[in-house]
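Participant: Once you've had a glance at the structure underneath, I'll fire off some questions.
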Amino acid sequence: MITSPLYSPHAARETPVISDAAYLASLKKVTQYYIVTAFLALLIGVLIGPLQALNYGGINVYDTPILKALLKSYYQGLSLHGVLNALVFTQFFISGWMLYLPARDLGMRINMKFAWFTYLLMTAGLLLAAVPLLTNNATLLYTFYPPMEGSPLFYIGAAVMVGSSLLVVGQVVAMWVAWKRANPGRVTPLVAFMCVATWMMWAVAALGIVIEVVFLLIPWSLGWVGGVDPLISKTLFWWTGHAIVYFWVLPAYIAWYAFLPHHAGGRIVSEPLVRLTFVMFLLNSTPVGLHHQYADPNISVAWKTMHMFLTFLVAIPSLLTAFSVGAALEDAARARGGRGLFGWMLRLPWGKPTFSAPVLAMVSFILGGAGGIVNASSAFAPVVHNTAWIPGHFHITVGTATTLTFMGISLWLIPHLTGKRMPSVRLASAAVWTWFVGMMVFALGMHWQGLVGVPRRALVSATAQSVYRDMPIQIPQMLTAISGMILLVSALLYFYVLFRMLLSRRLDDGEAASPLPYSEVISPAGQHLAGASALVRFTEPLLALWGVALLLVLLMYGPVLARLAANAELVPGWRLY
Ligand code: HEM
Ligand SMILES: [Cu+2]
């Protein structure tokens with residue numbers, strides 16, 4: 001069924017041909033369902049954002065009749081915003097993206113019944129959780145810290161949703177193992193490698209939240225046990241909660257490494273280096289979560305410090321990425337006649353949204369990463385902890401690095417999946433640039449307010465006005481309010497383009513008109529392990545490396561959780577909303 005294209009070491013990879021048209025159509029359809037569900041969640045989530053930005057601009061719109069009818073409180077809106085954007089949008093997009101890519105890259109046939117079952121289960125989980133969220137029975141914010149208590153439906157829906165992502169992990173890893181069996185001695189192609197490593201990382205990371213929700217929160221919310229230990233729950237939450245940020249950015253890295261050079265007209269610099277980066281993330285993303293808990297009692301400073309240094313270590317693969325994708329772009333620009341130390345940048349195709357979206361996302365991530373090092377430092381953390389600085393930070397990471405990349409991907413992936421066409425390059429380009437500019441202004445306003453001491457998660461525009469009146473925050477407030485309006489325009493532009501594209505007529509099967517944009521490679525990993533470099537051979541045994549990743553997490557969390565469990569203090573739930 002599948003034929004392998006001729007191999008030349010530097011040429012762009014050609015997608016293995018799938019001759020079973022019905023199978024290919026079904027694979028594309030399930031991917032499209034994941035992607036469209038993701039963007040529907042983002043649409044609702046993002047529309048609430050500008051209201052919150054106005055709040056941080058000192059303007060309270062929550063007393064207007066229309067909002068009073070829609071939302072019980074600022075916090076119900078904020079819970080919807082956080083859950084839909086950061087948890088639902090990301091997970092659905094990533095599940096579609098990282099199921100489709102390895103299936104095409106390996107040319108493997110997956111069980112479509114299982115793939116559809118997983119999608120439906122994930123959607124069922126989403127709908128279960130949506131009911132209490134929309135009826136103000138789970139206004140817990142996206143971190144759902146106990147003892148704040150919500151409807152059991154919320155926790156059950158969340159468990160089903162996260163559980164279904166683990167089914168995707170199972171399907172992708174099984175597909176890869178079957179490919180390895182069928183192709184002994186072969187090097188895993190790069191895109192599949194990145195996907196498998198990322199899914200493995202997520203499986204290790206997700207354990208924390210699965211244990212928290214299934215064993216602590218569901219029995220407690222159903223009244224089967226009398227109380228819950230807030231600190232154990234929080235520690236399990238951040239076991240997942242930090243690593244989830246890599247689950248959000250690594251799928252964007254896949255686009256930056258594998259496809260962005262193609263959009264720029266350049267080449268991937270080094271496949272072995274990319275593989276090393278992903279292995280570092282697999283090993284090092286998870287055992288670092290205590291940097292969210294510097295202020296928490298009953299966890300020793302020694303453990304907190306170890307997690308802090310391990311966090312700094314994760315900066316290395318991020319820097320490797322910045323430098324190697326930067327080099328790929330320079331390669332592209334010089335090939336188009338770019339000159340000078342920085343002058344080459346002018347030669348990049350800035351007017352092409354499939355290019356500008358991931359590149360601007362990367363620029364945003366460089367700034368976000370620098371702020372992240374501040375957050376993770378135990379010396380600086382107390383200054384910024386729980387201030388407006390923090391949402392300032394994660395809107396230029398997940399809110400831009402990830403979201404803008406995914407928006408950019410949708411502009412070529414949806415044509416590829418559906419055989420439709422992007423309706424307007426200019427409008428798409430305007431959406432991308434306004435998102436970037438809006439988020440930069442937003443980040444400036446929010447980081448600035450945070451440094452002055454404005455708290456996050458507060459209806460600052462309506463409560464305790466006198467506290468804020470004396471603060472020097474007029475300028476950053478104004479910036480934040482303006483950014484919200486820029487972002488509203490941007491979101492409207494983007495969704496207009498997206499829906500016009502989805503609702504347009506199908507022209508073909510998308511295979512020829514919008515192929516997967518694989519890039520050429522300067523230093524490929526090679527096809528056969530026998531002749532491959534030591535780095536390629538070291539990174540290939542992902543199952544063993546997965547085991548090491550799990551071991552590292554158990555080492556870094558086991559003693560901490562054991563001590564918390566020995567001093568567990570069960571408290572009853574509270575409903576504050
Ligand atoms: C139109 C664009 C957006 C605007 C104007 C916006 C604005 C805001 C503001 C002002 C806050 C702080 C609220 C507070 O602390 O009280 C916030 C929180 C948050 N935003 Fe956004 N946002 C936008 C898009 C996004 C996107 C795309 C994501 C993720 C993919 C995202 C994820 C979050 C999360 C996770 C929170 C934290 C919620 C919490 O503290 O529980 N936002 N947003
Ligand atoms: Cu973190």
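Participant: Express in nm, to one decimal, how much length is gained between A295 and S378 on full extension, taking 0.36 nm for each residue of separation and deducting their alpha carbon distance.
Facilitator: Working: separation 83, 0.36 × 83 = 29.88 nm, distance 0.93 nm.
Gain on extension, A295 to S378, equals 29.0 nm.
Participant: When the Cα atoms of segment 23-566 are enclosed in a convex hull and the volume is divided per residue, what value in Å³ results? Write down the numbers at each step before the final one.
Facilitator: Details: hull volume 84.2 nm³, N = 544.
Dividing the Cα hull volume of segment 23-566 by its residue count gives 155 Å³.
Participant: In degrees, nearest 10, range 0 to 90: what is the angle between the Cα axis of helix 90-106 and the longest Cα principal axis of the chain?
Facilitator: Approximately 20 degrees, to the nearest 10.
Participant: Among K29/K180; K29/K352; K29/K420; K28/K113, which pairs are too far apart, with a Cα-Cα distance over 24 Å? Show your work: numbers first, answer last.
Facilitator: Working: K29/K180 26 Å; K29/K352 26 Å; K29/K420 13 Å; K28/K113 14 Å.
Check vs 24 Å cut-off fails for K29/K180; K29/K352.
Participant: Turning to a different aspect of this structure: Which order do I390, I44, I35 take when ranked by solvent-accessible area (1.4 Å probe, heavy atoms of all protein chains), largest first? Each step should come with its number before you reach the end.
Facilitator: On the way: I390 30, I44 95, I35 0 Å².
Putting I390, I44, I35 in descending order of accessible area: I44, I390, I35.
Participant: Can you run the Rg to Rh ratio on segment 464-530? Use alpha carbon positions and the Kirkwood inverse-distance Rh.
Facilitator: On the way: Rg = 24.5 Å, Rh = 18.1 Å.
A ratio of 1.35.
Participant: Taking 51 Å as R0, compute the FRET efficiency from the Cβ-Cβ separation of D20 and V467 and round it to 0.05.
Facilitator: Numbers: r = 65 Å, r/R0 = 1.28.
E(calc), rounded to 0.05, equals 0.20.
Participant: Sticking with this structure for a sec: Which aspartates and glutamates does K68 reach when only Cα atoms under 12 Å apart count, and residues fewer than 8 places away in its own chain are ignored?
Facilitator: none
Participant: Report the label-to-label distance for R339 and V489 in nanometres (one decimal), using points 7 Å from each Cα along the Cα→Cβ vector.
Facilitator: 3.7
Participant: Sticking with this structure for a sec: Just the number, please: percent antiparallel of the DSSP beta bridges in the chain, rounded to the nearest 5.
Facilitator: Working: 5 of 9 bridges.
For the chain, the DSSP antiparallel bridge percentage is about 55.
Participant: Magnitude of the Cβ-charge dipole of segment 171-323, K/R +1 and D/E -1, about the Cα centre, nearest 20 debye? Walk me through the numbers before you get to the answer.
Facilitator: Details: 7 positive and 4 negative charges, 107 e Å.
Here segment 171-323 has a charge dipole of around 520 debye.
Participant: So, one more: Please give the solvent-accessible surface of R347 in Å², to the nearest 10, using a probe radius of 1.4 Å with every protein chain present.
Facilitator: 110
Participant: A further question on this structure: If the cut-off is a Cα-Cα distance under 20 Å, which lysines reach K234, setting aside same-chain residues fewer than 8 apart in sequence?
Facilitator: Reachable lysines: K304.
Participant: Further, regarding this structure: First obtain the Kirkwood hydrodynamic radius of segment 387-503 from its Cα pairs, then insert it into the Stokes-Einstein equation at 25 °C and 0.890 mPa s, and state the resulting D in µm² per second as a whole number.
Facilitator: Values: Rh = 15.5 Å.
So the translational diffusion coefficient is about 158 µm²/s.
Participant: Would you mind getting me the FRET efficiency between R505 and R426? Use the beta-carbon distance for r and R0 = 25 Å, nearest 0.05.
Facilitator: Working: r = 21 Å, r/R0 = 0.83.
Step by step, r from the Cβ atoms, then E = 0.75.
Participant: Let me ask something else about it. May I ask you to list the chymotrypsin sites (Phe, Trp or Tyr not before Pro) in segment 482-570 that are in a DSSP loop and have at most 14 other Cβ atoms within 10 Å of their Cβ? Spell out each step's value before the answer.
Facilitator: On the way: sites: Y494, F495, Y496, F499, Y518, F538, W546, Y557; in loops: Y518.
Of the chymotrypsin sites (Phe, Trp or Tyr not before Pro), not one in the loops of segment 482-570 has a Cβ with at most 14 other Cβ atoms within 10 Å.
Participant: Let me ask you something else. What are the ³J(HN,Hα) values, in whole Hz, obtained from phi via the Karplus relation 6.51 cos²θ - 1.76 cosθ + 1.60 with θ = phi - 60°, for each residue of segment 110-126 in sequence order, with x given for Gly and Pro?
Facilitator: Computed from phi, the couplings for segment 110-126 are 9, 6, 6, 4, 5, 4, 5, 4, 5, 4, 5, 5, 4, 5, 4, x, 4 Hz.
Participant: Give me the percent of the accessible area of the chain that comes from carbon and sulfur atoms, probe 1.4 Å, all protein chains in place. Mind showing how you got there, number by number?
Facilitator: Values: 15820 of 22370 Å².
Exposed carbon and sulfur together represent 71 percent of the surface.
Participant: Determine the per residue accessible area of the chain with all protein chains present and a 1.4 angstrom probe, expressed in square angstrom. Each step should come with its number before you reach the end.
Facilitator: Values: 22370 Å² over 577 residues.
Accessible area per residue: 39 Å².
Participant: Mind putting a number on the dipole of the chain about its Cα centre? Charges go on the C-beta only, +1 for Lys and Arg and -1 for Asp and Glu, and I need it in Debye to the nearest 20.
Facilitator: 900
Participant: Now for a separate question. When the solvent-accessible surface of protein heavy atoms is calculated with a 1.4 angstrom probe, in what order do R537, R426 fall, highest first?
Facilitator: On the way: R537 125, R426 200 Å².
Correct descending sequence by accessible area is R426, R537.
Participant: Run the numbers for N136 and F309: contour at 0.36 nm per residue of separation, minus the present Cα-Cα distance, in nm. Provide the component values of the computation, followed by the final result.
Facilitator: Numbers: separation 173, 0.36 × 173 = 62.28 nm, distance 4.00 nm.
Taking 0.36 nm per residue and subtracting the Cα distance, the gain is 58.3 nm.
Participant: Could you tell me the largest-minus-smallest coordinate of the C-alpha atoms of segment 323-460 on each of the three principal axes, in descending order and whole angstroms?
Facilitator: 47, 38, 21
The values are calculated or read from the model by the stated rules, or taken from the named source; none is laboratory data. This structure is a prediction, so every number in the text was calculated from the model and none was measured. No Cβ is skipped: glycine too gets one built from the backbone with ideal geometry, and neighbour counts run over all protein chains shown. Each accessible area value is taken on the protein alone, full model and side chains, heavy atoms only, with ligands, DNA and RNA left out. Shrake-Rupley method; radii C 1.70, N 1.55, O 1.52, S 1.80 Å.
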